[in-house]
Amino acid sequence: MNLVYVPIILLGVLIIIAGLLILADHLLGGGGERTLTVNDKKEIVVRGDDTLLNTLSDNKIFIPSACGGKATCGFCKVRLLEGGGDIKPTEEPFLSKEEQARNVRLSCQIKVRENMRIEIPEGLLEASEYRAKVVAVEELTYDTRLVRFKLIEPNEIDFKPGQYAQLKVPGLDVIRAYSIASNPANTHEVEFIVRLVPKGLATTFVHKALLVGDEIILTGPYGDFYLREETNREMICIAGGSGKAPIRSILYYLRDQGSKRKITYFFGARAKRDLYYTDEMRALEKEFDNFTYVPALSDPEPDDAWDGETGLITDVVDRTVGDLTEAEGYLCGSPGMINACIKVLKTHNMPDEQVYFDNFDL
Ligand SMILES: Cc1cc2nc3c(=O)[nH]c(=O)nc-3n(C[C@H](O)[C@H](O)[C@H](O)COP(=O)(O)OP(=O)(O)OC[C@H]3O[C@@H](n4cnc5c(N)ncnc54)[C@H](O)[C@@H]3O)c2cc1C
Ligand code: FES
């Protein structure tokens, strides 16, 4: 055979192989064009077969994903109306029977391999991705710091007091949720109160590496834990540790509204060194006629010289409040603390549907 034809034959073979691969890819559903219909009003044409979570994010729809797609937070739920295949074992622990019956799914576990119709809460369409710059860092205690971010692009956020945002740790595939601790009236900045978790990926980054001037990516706002404004009910707020963050935002908002609601804020800490923003809360008490701040120490140190409330926060609440039939509860902290507080509020007749909580554990 004339050697002149070898490159031409090789080229022909390569073209045939490439064609076959494209055909196979098309038939198997990878890489082709699909339509993703969101809430029956937004149609997105997508290619590739990335996860639904990532595909939505690429198209500026930011679903909460506090574990970054590892099926450990259960935050990324969407409802599938068409397409998406069967529920995977990784999804089952996060879906109630009722959710499974409605075909609610974890968007991080679904690949977009066919046309799909999905339903997500309307509020999520308002979440955005922000470039933000650290403008202040303040040590609140030995393990808790406040970080203030100025929003660069977009430069404004509209959030309900109590909601949270997500922080992406640069260089690591790590996303974590942090409640917005600042006054919603300041739409150009957000503050987080971050408590260091030993060996924790995001908190170690925030405490040991993040500096004023650094840029970071945030997404949000998210969450159903926010101030209910349709009533004027008495409010019982209970928090521990960094759980102070969303309640602080709620308090600033209510103060600015000139609210007359009766509010008692129980804050549980072990010892005096775990307390922070006490002066700020005392100042709010002066600005708010009906606001009372009750810090309580469960394990005061001998030299704390503490003359305030002592004991578990649940016991302090139990002996302080009266009948709560007409009150609302706003609870924030670890699941153990929240469950114990719910029990106490129930014994004081607070109806289940008037209790709102944010569980900080994943
Ligand atoms: C809606 C929401 C709002 C939140 N708001 C805040 C906030 O305002 N401030 C704040 O500091 N945190 C908040 N968190 C918790 C936060 O998202 C992270 O889970 C936490 O900061 C730990 O992240 P990490 O990457 O440092 O730890 P990881 O690397 O995720 O965890 C390291 C180890 O610590 C354990 N661990 C994780 N979290 C905790 C914890 N809180 N206490 C004890 N052990 C833990 C893990 O099981 C793991 O073994 C919030 C969580 C949610 C879901
Ligand atoms: S992003 Fe955490 S479970 Fe899907």
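Some observations on this one:
- Considering the stretch 168-183, the residues that are of a type in the set (A, V, I, L, M, F, W, C) and at pLDDT below 95 include one that is nearest to G220 (Cα to Cα), namely A177.
- Residue match in the stretch 56-63 (condition: of a type in the set (F, W, Y), open to solvent by less than 20 Å² (accessible area, probe 1.4 Å), within 16 Å of ligand 1 (Cβ to nearest atom) and assigned to a loop (DSSP other than H, G, I, E, B)): yes
- Residue check for D40: assigned to a loop (DSSP other than H, G, I, E, B), under 17 Å from L80 (Cβ atoms) and at pLDDT 85 or above: yes
- The strands (runs of 3 or more DSSP E) located wholly in the stretch 76-158 that include 1 or more residues which are more than 30 Å from N183 (Cβ to Cβ) and in contact (Cβ under 8 Å) with a residue 12 or more places away in the chain occupy 77-82, 104-106, 116-119.
- Residue match in the stretch 256-273 (condition: more than 28 Å from the chain's Cα centre (by Cα), over 25 Å from V194 (Cβ atoms), touching a residue at least 12 places away in the same chain (Cβ under 8 Å) and not in a helix (DSSP H, G or I)): yes
- I236 vs. criteria more than 16 Å from ligand 2 (Cβ to nearest atom), of a type outside the set (S, T, Y) and either part of a helix (DSSP H, G or I) or within 13 Å of the chain's Cα centre (by Cα) (or both): no
- In the stretch 192-208 there is no residue that is open to solvent by less than 50 Å² (accessible area, probe 1.4 Å), away from ligand 2 (no atom under 16 Å from the Cβ), modelled with pLDDT of 95 or more and basic (K, R).
- Being within 16 Å of ligand 2 (Cβ to nearest atom) and either open to solvent by less than 40 Å² (accessible area, probe 1.4 Å) or at positive phi (or both) holds for only one residue in T264, T314, T219, T231, and it is T219.
- Residues in the stretch 272-304 that are closer than 16 Å to I250 by Cα and of a type in the set (A, V, I, L, M, F, W, C): M281, A283, L284, F288, F291.
- Single condition L95 does not satisfy, out of (1) of a type in the set (A, V, I, L, M); (2) in the same structural domain as S65 (by TED's automatic domain parsing); (3) within 16 Å of ligand 1 (Cβ to nearest atom): (3)
- Restricting attention to the stretch 159-191, the residues being open to solvent by less than 20 Å² (accessible area, probe 1.4 Å), of a type in the set (G, A, S) and assigned to a strand (DSSP E or B) number 2.
- For the stretch 68-80, the count of residues that are more than 16 Å from ligand 1 (Cβ to nearest atom) and touching an Asp or Glu at 6+ places or on another chain (Cβ under 6 Å) is at least one.
The values are calculated or read from the model by the stated rules, or taken from the named source; none is laboratory data. Since this is a predicted model, take the numbers as computed values, not measurements. We place every Cβ from the backbone using ideal geometry, glycine too, and count neighbours over all the protein chains shown. With ligands, DNA and RNA removed, areas are computed over all heavy atoms of the protein, side chains included. Shrake-Rupley method; radii C 1.70, N 1.55, O 1.52, S 1.80 Å.
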